[in-house]
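Heads up: the structure comes next, in structure tokens.
The values are calculated or read from the model by the stated rules, or taken from the named source; none is laboratory data. Since this is a predicted model, take the numbers as computed values, not measurements. Cβ: placed from backbone, ideal geometry, glycine included. Neighbour counts: every protein chain shown.
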2 protein chains.
Amino acid sequence: MSGAHSSVRKVDASRADCQAITEILDRVGDKWTVMVVRALEQRPLRYNEIQRVVDGISQRMLTLTLKGLERDGLVSRTMYPTIPPRVDYELTELGNRLMVPLQSLYDWAVKHRPAMLAARKRFAEKERLAGAQQKRFATAK
Amino acid sequence: MSGAHSSVRKVDASRADCQAITEILDRVGDKWTVMVVRALEQRPLRYNEIQRVVDGISQRMLTLTLKGLERDGLVSRTMYPTIPPRVDYELTELGNRLMVPLQSLYDWAVKHRPAMLAARKRFAEKERLAGAQQKRFATAK
DNA sequence: CTGAATCCACCAAGATACTG
DNA sequence: CAGTATCTTGGTGGATTCAG
């Protein structure tokens, strides 16, 4: 923070925003993290419970995802050395607070998904027409 | 699920949330989309201007990212058939509204990044100790 | 039950060169 | 200036097997 110069700060913040958002997106933007986090939203779960809830996730990916979440302090891991062994995973407070921006994304998704789908349909149509045009010139090869 | 409607709806919503969030994360969660969107936040930009602002993006990736954004109606493309050619890219209103949840993510990132980094450091330390333990048994390769 | 380890397939993304 | 085309590669994730 080099000063309170509003116009300058706006530009700087824009760059910093990129960094920060990209960083968070890298953490939660993979295939399974969000689904696992949401699975744990309601209550702590055991390893196999998560696998059942998430549905489709492999053991490998579940283990990797959980380890990543634990690593970043979003999920806590509690091991009970019983037989058979039992491990509980639970959202930390940090993990719980992540739900807020995630909810914000969800709201956006619900609200604007129809518009996005419509746009995609329009785009596909335009592309189809353009493709037909192209074909008349792509004679050789 | 025999209880009140509220609890049932909560579970159902949880699944739907996953879908929606994952879907949006798939759109904006790639390497460049967010950076391009934020580059366009302030004002429309030309192709080369974006490439300069984003810094590090290749022509190929810029083209692909822009096409994806245009496809989903988040960015509009305006071509001026002058010489040399000129193409402006501009956030649509849909694209602009995406800034809201992105800002929410940014806020979370700024607020909780220190905690995440601290957690990661602690985790690395614990892992290092565990790794030392392991080594004593990993005699034969 | 809760993982770790290995192998493999696929795709996003980078580098480079070319085009209108 | 604004892309497209082709090749290559590194990482993500799936399937399977082994272990405590």
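The table below lists the values:
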| quantity | calculated |
| --- | --- |
| Residues that are within 13 Å of DNA strand D (Cβ to nearest atom) and surrounded by 19 or more Cβ atoms within 10 Å (Cβ to Cβ), drawn from the range B:30-39 | B:VAL36 |
| Qualifying positions in the range A:80-99 - within 7 Å of chain B (Cβ to nearest Cβ) and hydrophobic (A, V, I, L, M, F, W, C) | A:LEU94, A:LEU98 |
| Residue match in the range A:115-122 (condition: more than 7 Å from chain B (Cβ to nearest Cβ), within 28 Å of B:MET99 (Cβ to Cβ), more than 16 Å from DNA strand C (Cβ to nearest atom) and among the hydrophobic types (A, V, I, L, M, F, W, C)) | yes |
| Number of the condition not met by A:ALA118 [criteria: (1) among the hydrophobic types (A, V, I, L, M, F, W, C); (2) without any contact (Cβ under 8 Å) to a residue 12 or more places away in the chain; (3) assigned to a strand (DSSP E or B)] | (3) |
| Residue pairs meeting the criteria (Cβ under 7 Å; at least 6 apart or on separate chains; first more than 10 Å from every other protein chain (Cβ to nearest Cβ), in the range B:47-73; second part of a loop (DSSP other than H, G, I, E, B) and more than 8 Å from DNA strand D (Cβ to nearest atom)) | B:GLN51/B:ILE57; B:ILE57/B:TRP32; B:MET61/B:TRP32; B:THR65/B:TRP32 |
| Unmet requirement for B:ASP88, which otherwise passes all of (1) exposed (fewer than 13 other Cβ atoms within 10 Å of the Cβ); (2) in contact with a Pro (Cβ under 7 Å, 6 or more places away or on another chain) | (1) |
| Qualifying residues in the range B:46-67 (those that are more than 9 Å from DNA strand D (Cβ to nearest atom) and crowded, with 18+ Cβ neighbours inside 10 Å) - the one nearest to B:ARG97 (Cα to Cα) | B:THR65 |
| Yes/no for B:LEU129 being within 9 Å of another protein chain (Cβ to nearest Cβ) and modelled with pLDDT under 95 | no |
